[in-house]
Amino acid sequence: MKLGVNIDHIAVLKAARKVGDPDVLQAVFVAAQNGADQITIHLREDRRHIDDYDAKRIVANSPIAVNMECAFGVIDEVLKLRPFRATLVPEKREEVTTEGGLDLEKHFARIKRTVERLKEADIAVSLFVEPSKAAADLALRSGADMIELHTGRFSNLWAALYGVLARTPYAPNDLTALNGGDLKREIDREIKKIKKTAAFARELGLQVAAGHGLNYHNVAAIAAIEAIEELNIGQSIVARAIWTGFGVAAREMAQLIAACRPR
């Protein structure tokens with residue numbers, strides 16, 4: 001299984017003071033030296049973390065593949081940068097991070113046109129979707145090479161049951177009323193949904209990735225799903241790096257994922 005290390009949160013720290021430190025490009029090389037197979041960045045329309053300057057440097061100099069998450073509004077810039085892969089994601093200015101997958105049915109025509117433009121430029125295309133067979137089928141019809149399954153609900157359920165999320169101001173409204181038994185059942189349902197969608201997508205000939213909210217405590221359940229071949233993880237690695245250093249944090253995640261894969 002490949003590990004894509006998302007370095008957006010290093011760019012957030014750089015943007016906080018606007019002094020060029022920490023150097024986001026340095027994170028690319030440290031990640032590559034410590035088990036990362038891919039670098040993932042999100043070029044948002046508001047440029048709140050990765051900006052055009054760093055995106056250009058990363059694509060031009062990364063020793064490993066670059067996966068660029070992007071919404072419709074930055075496709076022209078992505079076509080100029082030419083990363084290895086573009087992952088189409090929904091985007092709202094008021095959100096803290098990307099919440100939820102693309103509405104493929106509502107935006108299918110626009111998604112299909114965008115996929116065609118990207119592939120004409122020899123850029124592989126992935127779609128960030130909710131885990132469902134319908135989403136996988138529409139992704140195939142759009143011409144995409146890959147889907148990335150949104151694991152946000154699974155991660156929130158896990159944090160509510162085994163962590164403190166349910167007792168914080170950040171708890172999603174639909175989790176606060178669930179007891180331990182309810183949360184465990186919902187986690188099992190979500191894992192089953194992710195597993196079924198991944199297997200179905202692989203049967204269709206799509207590559208399958210997963211990501212959002214994955215960390216050192218919950219990643220094993222997703223890494224154990226055989227049909228998933230790539231995980232994109234960022235915030236938890238950068239957060240752990242405060243205590244261990246970025247290289248150690250990336251290496252520990254890579255080792256943990258490898259240990260969880262089916263034998």
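Restricted to the stretch 114-128, and to residues that are outside any helix (DSSP H, G or I) and of a type in the set (V, I, T), which residue is farthest from D103 (Cα to Cα)?
The initial filter retains those residues of the stretch 114-128 that are outside any helix (DSSP H, G or I), namely 121-128.
Narrowing the set further to residues that are of a type in the set (V, I, T) leaves 123, 125.
Values: I123: 22, V125: 16 Å.
Here the residue is I123.
Counting only residues that are out of contact with any Lys or Arg (no Cβ under 7 Å at 6 or more places or on another chain) and farther than 13 Å from V5 by Cβ, how many does the stretch 225-238 have?
From the stretch 225-238, those out of contact with any Lys or Arg (no Cβ under 7 Å at 6 or more places or on another chain) are 226, 228, 231-238; that's our starting set.
In the following step, the residues that additionally are farther than 13 Å from V5 by Cβ were identified as 226, 228.
Looking only at that region, the number is 2.
If we scan the stretch 73-80, do we find a residue that is at pLDDT 95 or above, buried (at least 22 other Cβ atoms within 10 Å of the Cβ) and within 30 Å of P22 (Cα to Cα)?
Checking the stretch 73-80: at least one residue is at pLDDT 95 or above, buried (at least 22 other Cβ atoms within 10 Å of the Cβ) and within 30 Å of P22 (Cα to Cα).
Taking helices (runs of 4 or more DSSP H) that fall entirely within the stretch 1-102, which contain at least 2 residues that are of a type in the set (D, E, K, R)? Can you show your working first?
Working: elements: 8-17, 24-32, 52-61, 75-81.
Per the criteria, 8-17, 52-61, 75-81.
Return yes or no: is P131 modelled with pLDDT of 95 or more, closer than 14 Å to H42 by Cβ and part of a loop (DSSP other than H, G, I, E, B)?
Working: modelled with pLDDT of 95 or more: yes; closer than 14 Å to H42 by Cβ: no; part of a loop (DSSP other than H, G, I, E, B): yes.
Answer is no for this residue.
Can you pull out every residue in the stretch 59-75 that is among the hydrophobic types (A, V, I, L, M, F, W, C) and either under 19 Å from S126 (Cα atoms) or in contact with an Asp or Glu (Cβ under 8 Å, 6 or more places away or on another chain) (or both)?
As a first pass, look at the stretch 59-75 and keep what is among the hydrophobic types (A, V, I, L, M, F, W, C): 59-60, 64-66, 68, 70-72, 74-75.
Within the stretch 59-75, V59, I64, A65, V66, M68, C70, A71, F72, V74, I75 qualify.
The values are calculated or read from the model by the stated rules, or taken from the named source; none is laboratory data. No experiment lies behind these values; they were computed from the predicted model shown. Quick reminder, even Gly has a Cβ in these numbers, built from the backbone with ideal geometry, and neighbours come from all protein chains shown.
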